[in-house]
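Okay, structure first, notes after.
The values are calculated or read from the model by the stated rules, or taken from the named source; none is laboratory data. Being a predicted model, the structure only gives us computed values, none of them experimental. A quick note on method: Cβ atoms are made from the backbone with ideal geometry, for glycine too, and the neighbour counts reach across all protein chains shown. For accessibility, only protein heavy atoms count, side chains too; no ligands or nucleic acids. Shrake-Rupley method; radii C 1.70, N 1.55, O 1.52, S 1.80 Å.
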Amino acid sequence: MKLLSVRPIPRDKETLSSFFLRIADGNGIPYLDVRRKVNIGSVSYLNSTNMFKVDWFPHLIDTRLLAQFVGASIEKIRTLTFLTILDKFFDDPDQEERRYRSFIRPYMITKVRRFCPHCIKEKKGFKLIWQINEIEICLEHQGILKSHCHECNQSQPYFYEKLNEFICKNCNHSLTDKEDLIKGINDEILKDEQIRIYSDWEYLLNPSFSLTSKLENYSLEQSLAIKLLYISQNQAAIFNKREITLFSPIIVQNLTALIRTGKSTKRVLLTDVFKVTSYCGLSIAEFSKIKVPISYIVSLNPHVEELSAGYCVTPWCSSFGVATGMRPIDIRRRGYNGVYFTRVHVCIECYMQYGFYQKEWREIKGDIDLFIEVAKLIEQGITRRTLTSTLKIDYHRSCLIMAYLLRFSLIDSDKFSQFIPKKAPKNLKENFVRILEEYFESPEKMYYKAKKIYGWAPIDFYYYFFDPEVQNIYLFQPPTYKTNSSMKRELAFLEVERKLEGFFQNDNEISIKQVAASISIGRTTISTQKYGDIKEAIIKGKQVQSLTKRENNRQYFLSVFEDYKRNQEHLGKSLFCDDIYKYIGRNSSYLRKYYPDISDWFSEQVKESKERFRKVRLENWHLDIETAIPIVYEKYGRLSQNLVGDYFGIININARKGFYYQVKKMIKDEIERFLAFKVHG
């Protein structure tokens, strides 16, 4: 096709299908001639029932060639489609052709063409935004959008040849004759809501705007995933998946996998953006302006260098303000009052324990402030009995604090000398080795063993407990000659986490039996209360695997169905439910039980396909009947339904319902028309 003699200018916010019609009308050529020259892919998309896909799925046309023919820019042609939205999600939208098929489709009305009578009379064309199912009014004229003729009340198809003439497909009346009857809406709530919806969609359709800035070392989609998590976590400074309730755990896991690896079964969708903006009460424009802090981005990346130990903040410690006294404790995490700390350290100068909670360095037990307060009360003369009731601490805790304060001279040792043991045992180190049976065993539990073996009083035991040699054994040299159940559970938990990761990667079924068979702990042991955290981790892993598998199956079924549908359309055949189930390798009972929404959708697709092919078949029959009737009349000198039926070899011409009943009616109508023509010339 040569350069067009008449090259209309694309109108602002117009649909590409409407622009195609104006090109054809302006140059006096059939619409399909224009489409064929720039069409890509199957010719089945030239069917009028598929014309909406030009606006929805512009990969069906060669935009570069079309831009050349009409003398417009490629960027301007793209603004006539929903492709501008995809530009806000992906670095290279043209490479996301397969995903785009389901990206915009749920938001688009494809069965009918919507219009504002005022706008089309003013030659403003059919706007793209009118086909969004949320849009109900014309923002310019404040009237409800129409999709039917005001004369015959028939809905207007998305595409037909006289669409650009604004004439009803059914009765040929003008769609603009009574536009003065279209009054503005008085519902202020509806109007305000529509203005908000318009604002969001116009922002999305505007090629000059973006949803997020592209973060360094991340793709546009990954950057958008980071922003979704950040906003859904109430814009926290540090990522914490447990604080995100808007998305399910499996979706959060998949989004973080997308951010970290670029691969995931769950990708960012337009639905996710609307879900977050609706939940947080944001407009799309407000969503786009939110900036994600560096701290949040760093916390999402598991490959960043681990945080080093922080400073000691114990005022009486010789290492106060520096990290020189910090030593790591060999445990995965330490829990206290429901809060879990990682990278646990202890200061060897004051024995206070520190760790990271949400990347924040903190003293774990809050002992610093407590010990200072106790020291003040003791110096004021308060008794230990009153102390326990005032601060709500038990007797053993008060003894431990008293012993600590005396060890570090935080109270007058002369004044409270009666609490200091007169003489420490010579073999103090060996005594503690004997009672320390478990790694990081509680001091109170150790005291009861010491009382039973050595007869020590509480204050004596805790005073010995804070001896530097004893602390060194307690913190860094757990006994190896005895069964260390705490360490065993810790190692088992780490081993289970590694095994679960391997099960996920190899797609092996997760169960307590399977995991137990792969580690050094039996199935019965894992099921005990002592190993409850391991059992919980396995059950949670099984749930995540099950959800992931279901989502993967869902995507697979939809993908296979698209392949089957495309193949049938290429062959010119209808869709059949039995063929679909064979194609995806699952029976109908399975889909109805586990994926009822997909099963229903398949049935709707088959129904629409059969109805479409039934109409085509009837049209072909109509042409054949018109040809056959003169032949039958010439052969027999008369006409009847049975004679024409015999000509086609139809056995059940007298059918009272079904397809051949409609064929019978066509034969009857054509016989009457033929005989009337014979009589009246």
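Using the Kirkwood formula on the Cα atoms of region 192-302, what hydrodynamic radius do you get, in angstrom to one decimal?
On the way: mean 1/r = 0.0698 Å⁻¹.
With all distinct Cα pairs of region 192-302 included, I get 14.3 Å.
Using the Cα centre of region 363-411 as the reference point, and only Cβ charges (+1 on K/R, -1 on D/E), how large is the resulting charge dipole? Debye, rounded to the nearest 20.
Details: 7 positive and 6 negative charges, 42 e Å.
Around 200 debye, computed over region 363-411.
Between T79 and residues 5 or more places away or on another chain, which pairs have amide H atoms under 5 Å apart, with H built 1.01 Å from N, and which residues are they?
Answer set, sorted by chain and number: none.
Could you order Y594, Y357, Y218 by accessible surface area, starting with the largest, using a probe radius of 1.4 Å? If you can, show how the numbers build up before the last one.
Details: Y594 90, Y357 70, Y218 30 Å².
In descending accessible area the options line up as Y594, Y357, Y218.
Determine how large the accessible area of Y160 is when every protein chain is in place; take a 1.4 Å probe and give Å² rounded to the nearest 10.
We get 10 Å² for Y160.
Mind checking the full-extension length gain between F677 and C280? Use 0.36 nm per residue of separation minus the Cα-Cα distance, one decimal, nm. Mind showing how you got there, number by number?
Details: separation 397, 0.36 × 397 = 142.92 nm, distance 7.10 nm.
That pair, F677 and C280, stretches by 135.8 nm at full extension.
Hey, which lysines would be in cross-link range of K415, C-alpha to C-alpha under 22 Å, not counting anything within fewer than 8 residues on its own chain?
Leaving aside lysines fewer than 8 places away in the same chain, those within reach of K415 are K376, K423.
Pop the C-beta distance of F648 and Q68 into the FRET formula with R0 = 56 Å and round what comes out to the nearest 0.05.
0.65
Tell me the label-point distance for the pair N427, S603, using the 7 Å Cα-to-Cβ offset, in nm and rounded to one decimal.
It is 8.3 nm.
Report the Rg/Rh value for region 391-462, based on alpha-carbon coordinates and the Kirkwood definition of Rh. Numbers along the way, then the final one.
On the way: Rg = 12.8 Å, Rh = 13.2 Å.
Ratio value, two decimals: 0.97.
Could you tell me the distance between the Cα centroids of region 225-273 and region 187-218, to the nearest Å?
Cα centres, region 225-273 to region 187-218: 21 Å.
Between S640 and D192, what is the label-to-label distance in nm when each label sits 7 Å out along the Cα-to-Cβ direction?
Inter-label distance under the simple model: 7.5 nm.
How much length would be gained if the chain were fully extended between L32 and E379, taking 0.36 nm per residue of separation minus their Cα-Cα distance, in nm to one decimal?
On the way: separation 347, 0.36 × 347 = 124.92 nm, distance 9.75 nm.
Length gained between L32 and E379: 115.2 nm.
If I compute solvent accessible area with a 1.4 Å probe over the protein chains, what percent of it on region 112-227 is carbon and sulfur?
Numbers: 2530 of 5510 Å².
Percent of accessible area from carbon and sulfur atoms in region 112-227: 46.
What residues qualify as long-range amide H neighbours of Y336, i.e. H under 5 Å apart, gap of 5 or more or another chain, H built at 1.01 Å from N?
Excluding prolines and chain starts, which carry no amide H, the hits are F341.
Mind ranking 238-251, 421-434 by how tightly packed they are, going by the mean number of other C-beta atoms within 10 angstrom, highest first?
My ranking of the peptides, most packed first, is 238-251, 421-434.
Where the eigenvalues come from the Cα gyration tensor of region 141-245, what are the semi-axes √(5λ) of the equivalent ellipsoid, largest first, in whole Å? Before the final figure, lay out the partial values.
Details: eigenvalues 406, 69, 30 Å².
The answer is 45, 19, 12 Å, longest axis first.
Distance from the Cα centre of region 335-370 to that of region 142-159, in angstrom?
Region 335-370 and region 142-159 have Cα centres separated by 69 Å.
Compactness ratio of region 315-424: Cα Rg over 2.2 N^0.38 Å, N = residue count?
Numbers: Rg = 15.5 Å, N = 110, 2.2 N^0.38 = 13.1 Å.
Ratio of Rg to 2.2 N^0.38 Å for region 315-424: 1.18.
Send over the per residue convex hull volume for region 530-596, Cα only, as a whole number of Å³. Write out the running numbers ahead of the final one.
Values: hull volume 5.4 nm³, N = 67.
Cα convex hull per residue, to the nearest whole number: 81 Å³.
Take the residue pairs K291/K359; K37/K665; K146/K615; K121/K565; K13/K214 and return only those whose Cα atoms are more than 29 Å apart.
Too far apart for the 29 Å limit: K37/K665; K121/K565.
Modelled label-to-label distance, S147 and S417, 7 Å Cα→beta-carbon offset: nm?
It is 9.6 nm.
So between R614 and N217, what do we pick up on full extension, going 0.36 nm a residue minus the alpha carbon distance?
Answer, rounded to one decimal: 137.5 nm.
Where nothing but the Cβ of Lys and Arg (+1) and of Asp and Glu (-1) is charged, how large is the charge dipole of region 208-327 around its Cα centre, in debye to the nearest 20?
On the way: 12 positive and 7 negative charges, 48 e Å.
With only Lys, Arg, Asp and Glu charged at Cβ, the dipole is about 240 debye.
List the residues, sorted by chain then number, that are 5 or more residues from A236 or on another chain and whose placed amide H is less than 5 Å from its amide H.
Residues meeting the criterion, in which the H sits 1.01 Å from N, do not exist here.
Quick check: with the 1.4 Å probe, what order do V112, V632 take by accessible area, largest first? Working shown, then result.
Details: V112 35, V632 5 Å².
I get V112, V632, largest accessible area first.
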